[in-house]
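To keep things clear, I will list the structure first and then write my remarks on it.
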Amino acid sequence: MLNGKVAVVTGGSRGIGREICLELAKRGADVAFLYAGNADAAGETLSLLREQNVRAEAYQCDVSDASAVREVFKTLLAAFGTVDLLVNNAGVTRDKLAMMMKEEDFERVLSVNLQGAFYCAKQVIPVMVKKRSGKIINISSVSGLMGNAGQCNYAASKAGLIGLTKSLARELAPRGITCNAVAPGFVETDMTASLAENNPLLDNIPLKRFAKPAEVAKLVAFLASPDADYITGETIRIDGGLAI
């Protein structure tokens with residue numbers, strides 16, 4: 001379904017990002033993924049991708065650094081020749097109640113989660129415009145739709161991603177490029193492992209469980225596929241009903 005396509009995934013070494021990389025590779029895409037600093041995890045993901053008999057490369061990059069993003073995209077474009085799909089998944093949290101949150105923690109979350117997505121999109125847009133095709137998928141969160149106590153920085157960044165998604169969708173639609181967002185709720189990852197058992201949070205989720213990373217990845221893969229060619233500017237929740 002994605003044979004011959006080149007996908008770039010940010011934050012691809014672990015968790016949801018790794019599952020997105022693997023799902024896209026299973027569907028035939030070559031994958032270049034960016035990671036912040038965990039070289040061991042990146043190496044594991046790279047090995048798993050190459051087992052799918054696709055081309056795969058890992059690139060270390062802090063997506064909040066615009067100049068670093070420019071340089072890494074020069075390198076990966078030289079290696080892969082093009083980009084057909086960008087998944088902006090890289091994200092960080094610095095949770096604390098607003099009255100106790102440090103300014104640098106607010107700024108750091110916005111710079112990675114929101115500015116980083118813009119910097120990466122800015123690098124692929126000229127390539128996609130020239131081809132008059134391409135897909136950009138931003139990983140937002142139900143926190144960006146609902147807000148969440150202790151996460152004013154994270155929620156603001158994820159709400160900002162939704163606004164970025166809609167604006168890019170309007171700008172790029174005449175060039176045959178779509179842009180959509182995925183908004184997960186709680187997902188089973190290393191970060192949430194301690195929360196998943198006997199947690200009162202489950203009372204707020206109609207389906208009474210956290211999402212599996214692979215479920216999020218399959219939604220991303222659908223949006224990346226030709227089946228979603230007429231969908232743009234949308235934010236699709238995958239949250240077990242949390243935000244109903």
Among (1) within 28 Å of Asn148 (Cβ to Cβ); (2) in contact (Cβ under 8 Å) with a residue 60 or more places away in the chain - the single one Leu24 does not satisfy: (1)
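Here is a yes/no grid of residues against (1) under 23 Å from Val187 (Cα atoms); (2) under 19 Å from the mean Cα position of the chain (by Cα):
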| position | (1), (2) |
| --- | --- |
| Val83 | no, yes |
| Met100 | no, no |
| Val109 | yes, yes |
| Val112 | yes, yes |
| Met128 | no, yes |
| Lys131 | no, no |
| Leu145 | yes, yes |
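Here is a check on your reading of the model: is Asp95 assigned to a loop (DSSP other than H, G, I, E, B), among the charged types (D, E, K, R), modelled with pLDDT of 95 or more and closer than 21 Å to Ala39 by Cα? Write out each step before concluding.
Details: assigned to a loop (DSSP other than H, G, I, E, B): yes; among the charged types (D, E, K, R): yes; modelled with pLDDT of 95 or more: yes; closer than 21 Å to Ala39 by Cα: no.
No.
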When both residues are 6+ apart or on different chains and their Cβ atoms are under 6 Å apart, which pairs have a first residue that lies in the stretch 177-206 and is within 27 Å of Ala228 (Cβ to Cβ) and outside any strand (DSSP E or B), and a second that is modelled with pLDDT of 70 or more and among the acidic types (Asp, Glu)? Gly185/Asp239
Do any residues in the stretch 86-115 that are in contact (Cβ under 8 Å) with a residue 12 or more places away in the chain and closer than 21 Å to Leu76 by Cα have Cβ atoms under 9 Å from those of residues that are open to solvent by 80 Å² or more (accessible area, probe 1.4 Å) and in a helix (DSSP H, G or I), where the two are at least six apart or on different chains, and which pairs are they? Asn88/Phe118
Looking for whichever is buried (at least 18 other Cβ atoms within 10 Å of the Cβ), in a helix (DSSP H, G or I), among the charged types (D, E, K, R) and touching a residue at least 40 places away in the same chain (Cβ under 8 Å) here; the options are Lys158, Lys166, Lys135. Which one fits? Lys158
Unique match (being assigned to a helix (DSSP H, G or I) and open to solvent by 30 Å² or more (accessible area, probe 1.4 Å)) among Asp40, Asp62: Asp40
Hey, can you tell me all the residues within the stretch 174-191 that are at negative phi and open to solvent by less than 50 Å² (accessible area, probe 1.4 Å)? Ile177, Thr178, Cys179, Asn180, Ala181, Val182, Ala183, Pro184, Gly185, Val187, Thr189
Ala68 at pLDDT 95 or above, small (Gly, Ala, Ser) and touching a Cys at 6+ places or on another chain (Cβ under 7 Å): yes
When the stretch 164-214 is examined, which residues are found to be among the charged types (D, E, K, R), under 28 Å from Gln115 (Cβ atoms) and modelled with pLDDT of 95 or more? Lys166, Arg170, Glu171, Arg175
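The values are calculated or read from the model by the stated rules, or taken from the named source; none is laboratory data. The shown structure was predicted, so the numbers you read here are calculated from the model rather than taken from an experiment. Methodologically, a virtual Cβ is constructed for each residue, glycine included, from the backbone with ideal geometry; neighbour enumeration extends over all protein chains shown. In case anyone asks, the SASA skips ligands and DNA or RNA and just uses the protein heavy atoms, side chains included. Shrake-Rupley method; radii C 1.70, N 1.55, O 1.52, S 1.80 Å.
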